[in-house]
1. Once you order the gyration tensor axes a ≥ b ≥ c over the Cα atoms, which shape class does the range 24-97 get: rounded for a/c under 1.5, otherwise prolate or oblate by comparing a/b with b/c?
2. Just to make sure I understand: if all protein chains stay in place, what is the order of 63, 27 by accessible area at 1.4 Å, largest first?
3. Pick from 258, 128, 242 the residue whose mean-square fluctuation is largest in a GNM of the chain, springs joining Cα atoms under 10 Å.
4. If I take R0 = 41 Å and measure r between the Cβ atoms of residue 247 and residue 182 in this structure, what FRET efficiency does the formula 1/(1 + (r/R0)^6) give, to the nearest 0.05?
5. Cα-Cα over 32 Å: which of 107/258; 128/152; 214/242; 25/128?
6. Cut-off under 21 Å on the C-alpha distance; same-chain residues fewer than 8 positions from residue 243 excluded. Which lysines are left, in chain and number order?
7. Which FRET efficiency, nearest 0.05, do residue 255 and residue 23 yield, Cβ-Cβ r, R0 35 Å?
8. Let's test the formula: R0 of 35 Å, r as the Cβ-Cβ distance of residue 159 and residue 101. What FRET efficiency results, to the nearest 0.05?
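The values are calculated or read from the model by the stated rules, or taken from the named source; none is laboratory data. Everything numeric here is computed off the predicted structure, so don't read it as measured data. Positions of Cβ are generated from backbone atoms using ideal geometry, with glycine treated the same way; all protein chains shown enter the neighbour counts. Side chains included, ligands, DNA and RNA excluded: accessible areas come from the protein's heavy atoms. Shrake-Rupley method; radii C 1.70, N 1.55, O 1.52, S 1.80 Å.
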Amino acid sequence: MQLLDGNLCAEQIRQEITQKVDAIKASGQRAPHLAAVLVGNDGASENYVAFKVKDCAQVGFESTTIRLPDTVTEDELLAKVAELNADDGIDGFIVQLPLPKHIDENKIILAIDAKKDVDGFSPVSVGKLNLGLPTFISATPNGIMELLARYKIETEGKHCVVLGRSNIVGTPMAVLMSRNTNPGNATVTIAHSRTKNLKELCLSADILIVAIGKTEFVTADMVKQGAVVIDVGQTRVPDTTKKNGFRNVGDVDFDNVKEKCSYITYVTGGVGPMTRASLLQNTLKAHQAR
Ligand code: NAP
């Protein structure tokens, strides 16, 4: 079994980006600039945005965090999105999800200019992804593709089962794995909460990508010997032994499943760092396109 080291690959990507940013600055242009809109005080969202700011600093990007109270109205948030769309000094921005219940997330996503949609959530980005055209690809599936590529994992002709069909992870993941690319060219099954015979399906997977948000859902008896297992899940569970009072648990029962795998990711240092690195790649792309 080989652990797919997302920290290592993400560091390589950050170094590659740093070199490009140095060249951009040396040519007299300003550095790429990412903005993040953070609504409310959700602990996980605060953490994600803090990491994004730290990553930007490491590669030499500018970053701006816009904090809005959880009482912000939908119209006020739409006005902020319009302002960021029009701001020439910002190459790309994200609105950190989830948003408070009184705000329609789809309305916000629809309002983001596709040229600045570095999260890859807008209909234009999703449509282009489905057509195989160059676009911003949602950071988590893109990071997983990058991980598979960097470890030279053979995907062509393999059966890839994607557990989860969310717009930001499962569905784009399935599209990417089925495209005529390398990695890609897999035969993909997408499964969800209504899927029957899930265990049999998982057992037939050469590559199993799990993004459901159910702790340790995938157990060893669901995994084929020699399979590649990518655990996207990240659920906070209380843990009094930790300084911050919680630990992240994945969707895969890592300790038992790892014995059967050729390659596997761990909840920490696996998909998470690759997601962060992908956002930087998208921001650089947005800068270059402008
Ligand atoms: P989501 O929007 O809640 O979607 C979950 C998907 O899992 C849904 O399609 C759901 O099916 C399916 N599902 C739920 N229970 C299931 C079951 N028992 N059997 C089969 N399918 C089931 O979640 P998400 O945003 O895709 O995120 C999934 C997980 O990945 C979460 O733990 C999240 O924190 C994590 N995540 C991690 C990263 C990272 O960078 N590491 C990034 C994004 C997300 P239905 O559609 O039928 O409801």
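1. Numbers: a/c = 4.05, a/b = 1.47, b/c = 2.75.
Oblate, because a/c is 1.5 or more while a/b does not exceed b/c.
2. Numbers: 63 45, 27 75 Å².
From most accessible down to least: 27, 63.
3. Fluctuation is largest for 242.
4. Numbers: r = 36 Å, r/R0 = 0.87.
In this case the efficiency is close to 0.70.
5. On the way: 107/258 41 Å; 128/152 26 Å; 214/242 21 Å; 25/128 30 Å.
Pairs exceeding the cut-off: 107/258.
6. Within the straight-line limit of under 21 Å, residue 243 reaches these lysines: 54.
7. Numbers: r = 44 Å, r/R0 = 1.26.
Approximately 0.20, to the nearest 0.05.
8. Details: r = 39 Å, r/R0 = 1.11.
Here the calculated transfer efficiency is 0.35.
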